[in-house]
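Presented below is the structure to which this report refers.
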DNA sequence: GCCTTGATGTCGCGT
DNA sequence: ACGCGACGTCAAGGC
């Protein structure tokens, strides 16, 4: 990273700097007293208060209150950002097209503003045991679900979606397997039922539907029973042990140990 | 807001300041070169790069890359945060219980660090035209959907959900109305069909199903036609004009005008 | 572009 | 504390 600038600033100074920083596509951090108006997919108004505002080089804008994970207002990306002085206040207007959304941040005070240019972040983000890996492990070890189960196809495309795993049991009956990496709710059961019905109709033979997840909600279990679908709970720990090999750059053993 | 501190900092200085700031529950902003390990509901590893890190007074932690709306790593809130020097690197470890999650941020450089204390933000966040208000406006003005429509009940509980509006048309036929504030997809059609079937079964008479939204996807429209359900598009602008009264602090007319 | 699914979703509300 | 549904969900991937 090459440069930075700081402005413990009057509104005038802040306006000048912000306008330039936006034009230069810097990463901008502002702490100030502001109110926020949003009109777009919804509409909202936030009264005056102290907030942290972030403007990224790609036009993303985040307005954070002092507490909580989520920004209170935001713009995932914006086509353009305008900085101006309006009636004694500093207005930062961020506009997004498609869908048309306008975010206005009205500053009455800028306690602090700083910007950065030339941040270098080319690193890869590795995620372990995501939906993909979860499926791969199950597909490689169908015996954890049922003896004699044979995987025919994964990510099988069907009308309007994908079947996670398409398998055949020891009796030769097709089994459609729907996976949920974390928790299966009744939504997952509905989805599975849709696929089972579709296949039953197309194949003209009985098809089993199996919902697989580390945890299954009671409602999901009841609905599955009613619809003649099966549920299998699988232990995440057991699956982790079946993981083929540590991928490059896997989290250190120490961190995993710390979790236990 | 009462105080601020700045540290364009060596790792040692940064460690001291960060530890104190965390203890004092300040809002902290750090820009530095770091790698990140996360283990919890998922596991991830992020290689070294320049990032913006935010630590809030309530223990929320956000790690932002230079682009995009979403943090690459985060902790919605953490029970405790530990700052230490480990093998020449500055480690910020944030731990959350229930679910157990550990986020490790390893700094090799701290370009910039600043903190704030005593931010005051008590303002109310008001959202307009949320799902509730959308329903209320439609329910108060059923004529925008059809002449002679009479609303019987809103938020009517049924098996496994709620009917947004239960109405009767000029012929005395029950009409089940499903609302989507933004866009109706085929999921909404499926939901509506479920309610219509349920009612038809229970009442033993023909029941109309009506899907109402500012926009309806093509797929949803096709599915609705196939299932004998109706779609009504309503203009958000028109609804806004039907809004009973401006609520305190409503977005200024100018911003709404700007949207048109 | 629209559509679909997954997410460390987060959040709020009800039981 | 869990379950459940909504969200300005966001973001990725297929068509």
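The values are calculated or read from the model by the stated rules, or taken from the named source; none is laboratory data. Because the structure is predicted, anything quoted here is derived from the model rather than measured. Quick reminder, even Gly has a Cβ in these numbers, built from the backbone with ideal geometry, and neighbours come from all protein chains shown.
One table, with the values for the structure above:
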| quantity | calculated |
| --- | --- |
| Pick from the stretch A:59-73, criterion in contact (Cβ under 8 Å) with a residue 24 or more places away in the chain and surrounded by fewer than 21 Cβ atoms within 10 Å (Cβ to Cβ), ranking: farthest from DNA strand C (Cβ to nearest atom) | A:59 |
| Selection within the stretch B:159-184 - farther than 22 Å from residue B:137 by Cβ and either within 14 Å of chain A (Cβ to nearest Cβ) or within 11 Å of DNA strand D (Cβ to nearest atom) (or both) | B:159, B:160 |
| Test: residue A:51 is outside any helix (DSSP H, G or I), within 16 Å of DNA strand C (Cβ to nearest atom) and within 28 Å of residue B:59 (Cα to Cα) | yes |
| Any hit, the stretch A:214-222, residues being more than 10 Å from DNA strand D (Cβ to nearest atom), assigned by TED's automatic domain parsing to the domain that holds residue A:239 and either more than 18 Å from residue A:136 (Cβ to Cβ) or outside any helix (DSSP H, G or I) (or both) | yes |
| Some residue of the stretch A:31-49 being more than 11 Å from chain B (Cβ to nearest Cβ) and under 16 Å from residue A:107 (Cα atoms) | no |
| The listed residue being in contact with a helix residue (DSSP H, G or I) (Cβ under 8 Å, 6 or more places away or on another chain) and more than 10 Å from DNA strand C (Cβ to nearest atom), out of B:30, B:39 | B:30 |
| Yes/no for residue B:101 being more than 8 Å from every other protein chain (Cβ to nearest Cβ), within 16 Å of DNA strand D (Cβ to nearest atom) and in contact (Cβ under 8 Å) with a residue 60 or more places away in the chain | yes |
| Residue, farthest from residue A:29 (Cα to Cα), within the stretch B:104-139, restricted to residues that are assigned to a strand (DSSP E or B) and without any contact (Cβ under 8 Å) to a residue 40 or more places away in the chain | B:127 |
| Residues (out of contact with any strand residue (DSSP E or B) (no Cβ under 8 Å at 6 or more places or on another chain) and at positive phi) located in the stretch A:89-119 | A:98 |
| Unmet requirement for residue B:231, which otherwise passes all of (1) assigned to a helix (DSSP H, G or I); (2) within 13 Å of DNA strand C (Cβ to nearest atom); (3) more than 12 Å from chain A (Cβ to nearest Cβ) | (1) |
| Any chance residue A:63 is within 10 Å of chain B (Cβ to nearest Cβ) and either assigned to a strand (DSSP E or B) or within 26 Å of the chain's Cα centre (by Cα) (or both) | no |
| Top-ranked residue of the stretch A:179-191 - restricted to ones that are in contact with a strand residue (DSSP E or B) (Cβ under 9 Å, 6 or more places away or on another chain) and part of a helix (DSSP H, G or I), ranked as farthest from DNA strand C (Cβ to nearest atom) | A:189 |
| Hits in the stretch A:145-178 (condition: in a loop (DSSP other than H, G, I, E, B) and within 16 Å of DNA strand C (Cβ to nearest atom)) | A:159, A:160 |
| Number of the exception - residue B:12 against (1) at the interface with chain A (Cβ under 8 Å from one of its Cβ atoms); (2) outside any loop (DSSP other than H, G, I, E, B) | (1) |
| Test: residue in the stretch A:106-124 that is in contact with a helix residue (DSSP H, G or I) (Cβ under 9 Å, 6 or more places away or on another chain) and within 16 Å of DNA strand D (Cβ to nearest atom) | no |
| The stretch B:234-255: number of residues that are at pLDDT below 65 and either more than 10 Å from chain A (Cβ to nearest Cβ) or part of a helix (DSSP H, G or I) (or both) | 3 |
| Restricting the stretch A:140-158 to residues that are more than 16 Å from DNA strand D (Cβ to nearest atom) and out of contact with any strand residue (DSSP E or B) (no Cβ under 7 Å at 6 or more places or on another chain), the residue that is nearest to residue A:208 (Cα to Cα) | A:146 |
| Test result for residue A:77, buried (at least 20 other Cβ atoms within 10 Å of the Cβ), facing chain B (nearest Cβ under 9 Å) and within 26 Å of residue B:56 (Cα to Cα) | no |
| Members of the stretch B:141-166 found to be more than 16 Å from residue B:191 (Cα to Cα) and at pLDDT 90 or above, listed by number | B:141, B:142, B:143, B:144, B:145, B:146, B:147, B:148, B:149, B:150, B:151, B:152 |
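Residue-wise test of (1) touching a helix residue (DSSP H, G or I) at 6+ places or on another chain (Cβ under 9 Å); (2) under 15 Å from residue B:135 (Cβ atoms); (3) at pLDDT 90 or above; (4) crowded, with 17+ Cβ neighbours inside 10 Å.
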position: B:173; (1), (2), (3), (4): no, no, yes, no
position: B:201; (1), (2), (3), (4): no, no, no, no
position: B:207; (1), (2), (3), (4): yes, no, yes, yes
position: B:223; (1), (2), (3), (4): yes, no, no, yes
